[in-house]
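Dropping the structure in here first, questions after.
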Amino acid sequence: MYLVVYSIFYLLSLLPLRVLYILSDGIYGILYYIIGYRKKVVRQNLIIAFPEKSDLDRKKIEKAFYHQFVDTFIEAIKLISMTEKEFSKRFSIDIEVLNNLYATGQNVQLVAGHFFSWEFANLGIAKQSAYPFIGVYMPLSNKVIDKIMFKMRSRFGTILIPASEFRNNFQKYASGRYALALVADQNPGRLDRAFWAKFFTKPAPFVLGPEKGARASNAAVVFVDFYPIKRGYYKAELELVTTAPNYYKEGALTKLLIEKIEGSIRKRPSNYLWSHRRWKWANEAEKYAHLMV
């Protein structure tokens, strides 16, 4: 079954992007106008994040988000066979912020939010990184599609570790050189172990894992902001946050990263995964006020 499905995806990936974008536009129409996939969640999130904007402005953000959301998955198909030369034309990054740290002997944690396109960012950073590049991912329930995505995501050298197996599998890499990519806006598994912070207009719980990992390994922390320049072309910007994570009191580094994620979203409001329920626990915030910095 894997070979059959992979062959279909591979043949699709050989189509020019301009053709694939016609497919993407069609899927967008079905997803947005007919199915209405998570539209209520997206709209409520945008009201929470941008109460000062008009309904019309939020609608524009909403539609642009759905276009980028669908493009991400269509582009993932193209990335199965995209040549390195074509990829280099479509993804730009000043990697020196990362690679200059390699000479210092210090390992790195790269931290980002759920921006578009995480598929381009993963491949682009891995391709140019002096460090072995490690990405943590959530396996898909469909094993065949998961295997195809794993193959695509690791084609430029990314070492992929399932989130559920991270604690055990990361140990084999922890004693060597690495740049570890994490997202800082994940919903935590347990609210009583989360870090609570105001995100836009409401409090939300965040995982403390990126901060704890950086402090434990004394890793430099680099914020990664990536976004589309135009359709099918992406740029990533790296910002060195700190080479001394233990300088910050507990929670302060996480709060700083959350502020950077919010700042990036305010610059490019549609460039964020609005379909996940970032504020679903907002009513619980008062109970966990002691976990806020």
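Would you pick out the residues in segment 205-237 that are part of a helix (DSSP H, G or I) and either free of Cβ contacts under 8 Å to residues at least 24 places away in the same chain or surrounded by fewer than 22 Cβ atoms within 10 Å (Cβ to Cβ) (or both)? Reasoning before the result, please.
So in segment 205-237, the residues part of a helix (DSSP H, G or I) come out as 209-217.
Listed by number, the residues that qualify are Gly209, Lys212, Gly213, Arg215, Ala216, Ser217.
So, one more: Can you find a residue in segment 238-248 that is over 23 Å from Ile125 (Cα atoms) and surrounded by 19 or more Cβ atoms within 10 Å (Cβ to Cβ)?
As a first pass, look at segment 238-248 and keep what is over 23 Å from Ile125 (Cα atoms): 246-248.
Next, from what is left, pick out any that are surrounded by 19 or more Cβ atoms within 10 Å (Cβ to Cβ): 248.
Yes, because at least one residue in segment 238-248 is over 23 Å from Ile125 (Cα atoms) and surrounded by 19 or more Cβ atoms within 10 Å (Cβ to Cβ).
Restricting attention to segment 104-162, which residues are of a type in the set (A, V, I, L, M) and not in a strand (DSSP E or B)? First the steps, then the outcome.
Quick first cut of segment 104-162, residues of a type in the set (A, V, I, L, M) only: 108, 110-112, 121, 123, 125-126, 130, 134, 136, 138, 140, 144-145, 148-149, 152, 159-161.
Selection gives Ala121, Leu123, Ile125, Ala126, Ala130, Met138, Leu140, Val144, Ile145, Ile148, Met149, Met152.
Determine whether Ile27 is farther than 19 Å from Gly232 by Cβ and assigned to a helix (DSSP H, G or I). Walk me through it before giving the result.
Numbers: farther than 19 Å from Gly232 by Cβ: no; assigned to a helix (DSSP H, G or I): yes.
Judged against the criteria, Ile27 is not a match.
Just to verify a result, which residue in segment 249-272, among those that are assigned to a loop (DSSP other than H, G, I, E, B) and more than 16 Å from the chain's Cα centre (by Cα), is surrounded by the fewest Cβ atoms within 10 Å (Cβ to Cβ)?
Just the residues of segment 249-272 that are assigned to a loop (DSSP other than H, G, I, E, B), to begin with: 249-251, 268-272.
Retained after the next criterion (residues that are more than 16 Å from the chain's Cα centre (by Cα)): 249-251.
Numbers: Lys249: 8, Glu250: 12, Gly251: 17.
Once the filter is applied, the top-ranked residue is Lys249.
For Thr201, are the conditions met, namely being touching a Pro at 6+ places or on another chain (Cβ under 9 Å) and not small (Gly, Ala, Ser)? Before the answer, list the steps.
On the way: touching a Pro at 6+ places or on another chain (Cβ under 9 Å): yes; not small (Gly, Ala, Ser): yes.
When the stated conditions are applied, Thr201 passes them.
Within segment 150-192, track down each residue that is closer than 21 Å to Ala219 by Cβ, in contact (Cβ under 8 Å) with a residue 12 or more places away in the chain and over 19 Å from the mean Cα position of the chain (by Cα).
Phe170, Tyr173, Ala174, Gly176, Arg177, listed by residue number.
Quick check: anything in segment 51-73 of a type in the set (Phe, Trp, Tyr) and assigned to a loop (DSSP other than H, G, I, E, B)? Show your work before the answer.
So in segment 51-73, the residues of a type in the set (Phe, Trp, Tyr) come out as 65-66, 69, 73.
This time we only want the ones that are assigned to a loop (DSSP other than H, G, I, E, B), so: none.
No, because not a single residue in segment 51-73 is of a type in the set (Phe, Trp, Tyr) and assigned to a loop (DSSP other than H, G, I, E, B).
OK, next. Checking the structure you have, find out if any residue of segment 12-21 is over 19 Å from the mean Cα position of the chain (by Cα), part of a helix (DSSP H, G or I), closer than 26 Å to Phe223 by Cβ and among the β-branched types (Val, Ile, Thr).
If we filter segment 12-21 for residues that are over 19 Å from the mean Cα position of the chain (by Cα), which is where we start, we get 12-21.
Those still in the list that are part of a helix (DSSP H, G or I) too: 12-13, 17-21.
Adding the requirement that they be closer than 26 Å to Phe223 by Cβ leaves none.
No: segment 12-21 contains no residue that is over 19 Å from the mean Cα position of the chain (by Cα), part of a helix (DSSP H, G or I), closer than 26 Å to Phe223 by Cβ and among the β-branched types (Val, Ile, Thr).
Every residue in segment 193-221 that is touching a strand residue (DSSP E or B) at 6+ places or on another chain (Cβ under 9 Å) and over 23 Å from Arg278 (Cβ atoms), please.
Across segment 193-221, the qualifying residues are Ser217, Ala219, Ala220.
While we're here: Give me the residue from segment 273-283 that is among the hydrophobic types (A, V, I, L, M, F, W, C) and modelled with pLDDT of 95 or more and, out of that set, surrounded by the fewest Cβ atoms within 10 Å (Cβ to Cβ).
Leu273
Which of the residues belonging to segment 245-267 are more than 14 Å from Pro210 (Cα to Cα) and small (Gly, Ala, Ser)?
Gly263, Ser264
Looking only at segment 193-204, filter to residues that are surrounded by fewer than 20 Cβ atoms within 10 Å (Cβ to Cβ) and out of contact with any Phe, Trp or Tyr (no Cβ under 7 Å at 6 or more places or on another chain); which one of those is farthest from Ala103 (Cα to Cα)?
Looking at the filtered set, the residue picked out is Thr201.
The values are calculated or read from the model by the stated rules, or taken from the named source; none is laboratory data. As the structure is a computational prediction, the values presented were derived from the model and not from experiment. Every residue, glycine as well, gets a Cβ built from its backbone with ideal geometry; the counts of neighbours run over all protein chains shown.
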